[in-house]
Structure formats: structure tokens, C-alpha cells
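Asker: The structure under discussion is supplied below as C-alpha cells; questions concerning it will follow.
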Amino acid sequence: MIEIENAQIDEVEEVHQRSFLISGKCVASSDLASGTDGGYVFVEPTQNSFVLVQVTDEHGNFVFPDQRWPLSLGHFKALVLLSPGLNKIVVTSGEDATSKVELSLRYTPLLQTPPLHLAILVAKDSPLLIDCPPAKFGEISSTHSSLNAAIAKLRVAAYMWQALAADNLYWNGLPRRSFRIEEEFAPDTLSRHAQQHSFGKQQVMGSVPRIHVIRAEKTVAQLRDVDAELEAAKSELHRERRHKDLYKILSKALKNSDGPLHPNNKPVVAALVLDAHFDEKLGKTLPDAQFSIHKAEGLSLAMFGSQSTYSWPRIIDEIPECLLDSTPVGHTVSREGSDDPLCMWEACSISQGCFFKEIIRAFQPAEVKFDLTNNRFGRSALKKSQWGYFQWPRLFLSRALSYSSDEEEKDAKAIPSDLVKSSHYQIELQKALVLCNSMPHFQSPGYVVLPNCAPTIRPMVEDLDDGRVVQKVEIACEAGLANVWVWSENISVNQGLTWPGEPLKSVSYSLEEMQEWVGRHVGEEQTKANGGVEQIVALAMNGKQSIFRNISSILRVAVADHIDAVIPGTDLRFTKTCVDLADENSSMGGWDIKNDWKWTVLLKRRSNRKGTKWDGTIVSASMIDVRVGCGLDGAVVYYEDGSKVPCGPWRDGRIEMGGHQARKVAVRPGVEVTKVGVSRESHALRGLRIWLSNGQARGSLNLRDLRGREGRDVDILEPPANHKIVGFYGTSGTWGMCKKFGILTVPRDVELPDFVYDMEQFRNLPLSHYAENGEAGTETEADLDAMEEDLEEDSDTGYDEEWDGETMRIYGK
């Protein structure tokens, strides 16, 4: 019996990449062996065991020649090429012809999406030959060293890369997606059957990857400039300069070719440098052409030299042979940075694997950083290891050889189907999500680009019947949550949390739940220090990641706010929602938390205007002055009696707030504040915008930093259903900059008792009020007249309108 492990055999899956990597296992009925678990045992194969893979269309016509792939310890892998339409793939055991399984795939090429272009760069005086050792008959035959051989090998490698990228995303829990390869109808070089039936002018034709042979203006000597290469070896900076020179050489050649690869067409190109040769005297390859560059508005390039291309398969049938070839390469060709001699399969693995990583980098936006492993390695570090470039064969075969310098491990080992999840060639979940959301090459028809927002965290406190409170955190993102990890020391736990296959927009967990998940990994000291939860890492479906630290501190503040929300003398409670810097000690300027100014300002207050008609009455807010500069200074609330109170500190009884982008908005009678937007970075609140029920809005969100880069996070604070906003609260640092800003809400049908407006904790009084015999807010009619000049509403123009345009585009809100 044969089982497929990375596809469903009882349904027809639609795929959009031509190459498909199948993983599975052969099992036998349990009546052949007793005492086995699960009713099955692995078939014990002979050394040359294999599975036969046949591909037909819905009418039974063969669409690709039969292929044999190794079977090892019951496991197998096979690379299958599909044809447009329905493909019926039959996998048959070479040990038992009655043991077979059929898998149906519908291949729909997406011709409307941009492809990965393949190119070979040749010097203007190139002999059109690549390095080839005696073991490949390089001195007497051009089978593995000619330009035609390089074209055939690059075509097969491209399908291997395409299949591996799709398999990467599949094992990440995402839809199976990969880049499309530019193809053409030309002589078929993909199978042994096509080779055997092509003679002279009679060629077997088929769809094959198109290879652009690009002639450079430089000579071989100029491309292999020894002085430039030696200079590049001195430092990473010099190496980058050399790579930029090679990029310019290819870019200029593509401009001269004036085809689909012209930089103005924004292509992504995988280019093989044909004239990269190993220099025995220097002991290195010239030029060192392994690099990648992503340019959203130009040529994105992955480049690699041809120094080890001789070891690559020319046809699909040769993939197992090349990846299991233990023939030494000798000393006349490149060792790809290794200190020890290489075997053929090792040279193939290193070169194809490095090229694959550069191709994935070429698709990645510049702000996404890859953690890369340098290809200059020592064999001892990889000995007996499942990591490194030598994992390459294990991704395509169920059988792999031991390393050439490892004399202890000579037996073949079974390879798990999902090895790619933990391999050196893994496309991490975050980077896979960025690819799917930012690059049309990886998007299916109808895909809607997700908003460019990052996950946010909101502490919550709930009352229990017994008087206790439950501490919770809510992690949310409009783009959807791909995954959430709870960290404790060096242990991360994500059991029971959201998963990429079924993204949620929000999840909430109690502190007790999280402590239970990580409890077995946490010592008593850490539990006392931070509750056992060190940090929470949340990943959105758009690839944005947020790290929330000091969870216990966040929750302690939330509990304090929850208690403070009780209105003394009543059974009423404010609902409080805020944007707070996760780490108060990391705020801009290194403010001392001991000197923070905590404030609460209601949108109504009791007037102290002595000698005026307002004296002793409850007055409403008539205007809000939003104070924003490079950061959020705060706000000033004006009342109908002419008085004003800062959402921030008093300075010697005066309001002194900066904010070169300050704007005032009038609050007409009957008009309410409906929501507040606060923009933030990890270390500071940056902007504030306030919306009213009459459609008016004022305030700057400061969406761009001083360098013009966009993407600051914006939190929208809105009242719960059937609630209204009755005030603001927050914390300001000693420089007056706001580090916490929130809204106070009550049920819509509730009117606060008048005595609430006499409570000091809701009035944000200056320090002079608390001095002996001090009083505040006793301005006279003359003071009121002097303040009239402040009461003119600013127009909603200029930067204010960025919310309607720029913010809508950036955040999708």
C-alpha cells in the first residue's frame, strides 16, 4: 500500500506551478508482521528499490515519460512535471506492482502573473564552455561543459527550485504557491526519452523553460578581473561593491537586448555567469558571482557562477543519479569554499542550494532581512549534522549519502516528508507571508493585498462574581493573525493558538492559560519575576511581526486602570481603552518614570468662573486643540466658559505644549467625540487624530518618520457598542511628551452625577492647587476676554487629510 503525505488523493487539487514534489511512503498489511503499531509496517526495500511514477491526462495519454525514484526504508520522493489540465499521477511500488496509488492534480498556469526569467550571461569573447573535471570527461567531451549543457541543466534546476518553493509554503500551512517560470515551445531537453528520440533535425518538441543568453560588453578577462576580485575579498563592503559592478554589467546587457528582461519591465531574473571559472593558483572562482538584489522599480537579480554546473542533472531522470553521485570532483574545479575535497553530489548540493537561496532573496522586499548562512564553511561543523547545504538531496530524495569525509556513516537513511520545515533551505513563515502578500509572482487570481498593519496587544481585565479579576491579553490585527508564540526564557509555545491555515483577526488569552502552557519550562525565580511569561510574539498574515515584552507589567497597569475606573460613591465604572508604550522605561529621552504626569480630563467640568454666568455650572467642551509635533505632545480641552485643561502636565500653573502641527476642532452643542487615532513606534507615541459625530476631524498621525519612511502603527480607539466617550486619560513624561493616551467611555444612557466633576482625580489640577491655600480655575471675566483669541477652529486641510488618502492606502482603514 502506498500513501501520499503532502497531498490529498480523494480530491483534485488545483496547482499553478508545473513542477510538483510528491512525498509518501510504502507500507504493507499488518498481517505480514505481528506486533506492529497502527496496523502497518514499513516495507524493507532492497538496495535498488524504487517507485515508478507515471503521468497521464484525463484521457489516458502520457504527458511525461515514466520516471523511477528511489525508495528507502518505506519512504519516497519524486519530482513530477505536469501539463495544463487534469494530471493523473500513478505511483507504483517497484517491489509490488499491485501496490499503487493515484493522485489527481489540475495544473492551471497563471500566464497573467510575471514569471521568473532565466538567463545565462556570457562575455563577448566567451569560448562558451564551463568548468568540467576529468570525472565528467571534461577534456574529451562537451556533454557537461557546453553552452547547450548549461542550458539543459539550468532548466532542470529551475523546476527543482520551483517545486521546493511550493513545498516550503505547503509545509508552512499556506496554500501551495510558487513562482511561474517563463517557458517556450522548443526542443525538449527535460527527459531521457526526448533525448533518445531526437536525431539531427528531427527533434522532440515541448514546453521548456526559456533561457535568455545575454552577451555582455565585457571580455572574459574583464569579467574575471583578478585585482577587483582580490579587493572584494578584503571586506564585506568591497564585496558588495564588486557585486554591484556585476549587477550593472548584466543590467546594461539586458537594456541592450531590449526584450522582456529590460529593467524597465521590473523583471526578476536568475542569471548564471557562464564564464565563472576556478583559478587553481588563487584557489578561488573568478568572478565570485553569488549575490542577489531586489528592486521594486527595476531589475531584481539572483546571480551565481557556473563553476559547479557540471555536477547538475541535465534531465529530470538524472536528479537521483546526480544527488547520489559519490565520485570525487578532483582538484581542478571549485570546492565551493570547502576546506575538504568534494564529491559530485556535494558540489551539486552546494551550488544549486546557494542559487535557490539567492533566488528567494531576489523576491524579498528590501526591508525583509534573511538570516543567511555563509557558504564558506568547514566540514567538521557539518559532520553528522542534519543542517547545512548538504541537506539538499534530502529535499528531493528519500535516500542520501553520508558526507565524503565522514567514514562512520555510510548507510542510507530514510528522509521525512516534511524535512524542509527545519532544513537549511526553509522559507520561514514570516518571509513566506511577505512573498505571498507583496509579490504578484506568488499570488493567485483574485488575491486581495492585505492591509499593512502590525499586530497589536490590548490588556483586558474582567470581574468575577467572587470579586476577583481575570487578567487577559487580546492580540489583534486587521490583516489576520498567522501565529502567536508565548515565550518563556528560551522556550516558545504556540499550542492552541491561531494557525496560518485558518487566520483569525483577534485572539485573547488569560495570564493563567499562558502560565499553564509554559509552566513546565519555567523556574520559580522567573515566575516571581515576570509571571512566567517573558514575551508574546505575534505574526500577521501580511508578514508583519510584533514583539510584546513586559507582559506582567502591562497587565499590572491594566488592573490598576480597571480599579481606577470605578467611580466612587456610585455603582458606575468607566470603560478605559488606551495606547500605551509597552516598556515605559524605553520612552524617548529616557524619561524617569518617577516624574511622569498622570492625568484625566473629562469633556465636561464644573466652572469656577467667578463673577460670570458660568460660575458653579457644568460646562461642556467647546473645542479640542490636538498638539502634535515630531511626537505627540498631548491635547488641550477648551470649555464653553472659556477655561481650558491640558491632556498633559501643567507647568507652574500654565499650559506649555509644543506641536508645530497643532490643530483645533470645534465641538458644537450636541456633537460627540466618536473615535481617536493614535500612531506609535516602539519607543514613542507619534500622532493623534480626533473624529467627531458631525464628520469633522483634526490632528496629525505623523505617518512618516523624518526620513520619509511610512508604516507607523495606528491604533483606533472607539467606544464599545452603545457607549459614548466622556473624557481622555493618559501619562506624560517629564519633557511633556505623551507616552499613554486613552479614552473614557460610559453607557450611552448614563449621565454622570454632578459630584463626579468635583473629584480631583478627574480634573487634572495643577500642582498649585495642592499647595497651602492654593486655588485653581478662578479666572475672572477679564481673563475670559483675553482667551477669546484661542477659540478659533483650524481648517481641516493639508496634512490633516492624510488619513483620507495616505492612511487609507497604507492601513486600509
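Asker: Among Ala432, Ala454, which is the only one that is of a type in the set (A, V, I, L, M, F, W, C), at pLDDT 80 or above and assigned to a loop (DSSP other than H, G, I, E, B)?
Answerer: When all the criteria are applied, what remains is Ala454.
Asker: With the structure loaded, tell me whether Leu169 is over 24 Å from Ile130 (Cα atoms), assigned to a helix (DSSP H, G or I) and assigned by TED's automatic domain parsing to the domain that holds Arg210 or whether it fails that test.
Answerer: When the stated conditions are applied, Leu169 passes them.
Asker: Among (1) over 23 Å from Ala194 (Cα atoms); (2) modelled with pLDDT of 95 or more, there is one condition Lys25 misses while meeting the rest; what is its number?
Answerer: All conditions pass for Lys25, except number (2).
Table: residues versus (1) at pLDDT below 90; (2) among the small types (Gly, Ala, Ser).
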residue	(1), (2)
Arg680	yes, no
Gln696	no, no
Leu701	yes, no
Arg709	yes, no
Glu718	no, no
Ile725	no, no
Gly736	yes, yes
Gly742	no, yes
Asp754	no, no
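Asker: Take Val368 and tell me if it is at pLDDT 75 or above and part of a loop (DSSP other than H, G, I, E, B).
Answerer: No: the conditions fail for Val368.
Asker: Also: Any residue at all in the range 355-364 that's at pLDDT below 90 and either within 21 Å of Leu250 (Cβ to Cβ) or out of contact with any helix residue (DSSP H, G or I) (no Cβ under 6 Å at 6 or more places or on another chain) (or both)?
Answerer: Yes, the range 355-364 contains a residue that is at pLDDT below 90 and either within 21 Å of Leu250 (Cβ to Cβ) or out of contact with any helix residue (DSSP H, G or I) (no Cβ under 6 Å at 6 or more places or on another chain) (or both).
Asker: Just the residues that are in contact with a strand residue (DSSP E or B) (Cβ under 8 Å, 6 or more places away or on another chain) and either modelled with pLDDT under 85 or of a type in the set (Phe, Trp, Tyr) (or both), please, taken from the range 589-602.
Answerer: Trp591, Asp596, Trp597, Trp599 - these are the residues of the range 589-602 that are in contact with a strand residue (DSSP E or B) (Cβ under 8 Å, 6 or more places away or on another chain) and either modelled with pLDDT under 85 or of a type in the set (Phe, Trp, Tyr) (or both).
Asker: To continue, here is another question. Which of (1) of a type outside the set (Ser, Thr, Tyr); (2) without any contact (Cβ under 8 Å) to a residue 24 or more places away in the chain; (3) surrounded by fewer than 18 Cβ atoms within 10 Å (Cβ to Cβ); (4) touching a Gly at 6+ places or on another chain (Cβ under 9 Å) does Asp188 not meet, given it meets every other one?
Answerer: (3)
Asker: Something else now. Of the residues Phe185, Phe179, which single one is under 26 Å from the mean Cα position of the chain (by Cα) and modelled with pLDDT of 95 or more?
Answerer: Only one candidate passes the filter, namely Phe179.
Asker: Of everything in the range 133-144, what is buried (at least 20 other Cβ atoms within 10 Å of the Cβ) and under 17 Å from Leu190 (Cα atoms)? Give them in sequence order.
Answerer: Correct list: His144 only.
Asker: Being under 32 Å from the mean Cα position of the chain (by Cα) and farther than 30 Å from Pro263 by Cβ is the filter here, so list the residues in the range 302-330 that pass it.
Answerer: Hits for the range 302-330 are Ile319, Leu323.
Asker: Which ones in the range 68-95 are assigned to a loop (DSSP other than H, G, I, E, B) and either touching a residue at least 60 places away in the same chain (Cβ under 8 Å) or buried (at least 17 other Cβ atoms within 10 Å of the Cβ) (or both)?
Answerer: If the condition is that a residue be assigned to a loop (DSSP other than H, G, I, E, B) and either touching a residue at least 60 places away in the same chain (Cβ under 8 Å) or buried (at least 17 other Cβ atoms within 10 Å of the Cβ) (or both), then Leu73, Gly74, Leu82, Ser83, Gly94, Glu95 are the ones that fit.
Asker: Counting just the residues of the range 172-203 that are part of a loop (DSSP other than H, G, I, E, B) and out of contact with any strand residue (DSSP E or B) (no Cβ under 7 Å at 6 or more places or on another chain), which one comes out nearest to Val55 (Cα to Cα)?
Answerer: Selected residue: His197.
Asker: Consider the range 170-185. How many of its residues are under 30 Å from Asn483 (Cα atoms) and either in contact with a His (Cβ under 9 Å, 6 or more places away or on another chain) or loosely packed, with under 14 Cβ neighbours inside 10 Å (or both)?
Answerer: Summing the residues that are under 30 Å from Asn483 (Cα atoms) and either in contact with a His (Cβ under 9 Å, 6 or more places away or on another chain) or loosely packed, with under 14 Cβ neighbours inside 10 Å (or both) in the range 170-185 gives 5.
Asker: So which of Arg609, Arg627, Arg605 is buried (at least 22 other Cβ atoms within 10 Å of the Cβ) and modelled with pLDDT under 90?
Answerer: When all the criteria are applied, what remains is Arg609.
Asker: Another question about this same structure. Answer yes if at least one residue in the range 125-147 is closer than 20 Å to Val434 by Cα, outside the structural domain of Leu79 (by TED's automatic domain parsing) and in a loop (DSSP other than H, G, I, E, B), and no otherwise.
Answerer: For the range 125-147, residues closer than 20 Å to Val434 by Cα, outside the structural domain of Leu79 (by TED's automatic domain parsing) and in a loop (DSSP other than H, G, I, E, B): absent.
Asker: Let me ask you something else. How about the range 614-673: which strands (runs of 3 or more DSSP E) wholly inside it have at least 3 residues that are touching a residue at least 12 places away in the same chain (Cβ under 8 Å) and touching a Gly at 6+ places or on another chain (Cβ under 8 Å)?
Answerer: 618-628, 632-639
The values are calculated or read from the model by the stated rules, or taken from the named source; none is laboratory data. None of these values were measured; they are calculated from a predicted model. Glycine also receives a Cβ, built like all others from the backbone with ideal geometry; neighbour counts cover every protein chain displayed.
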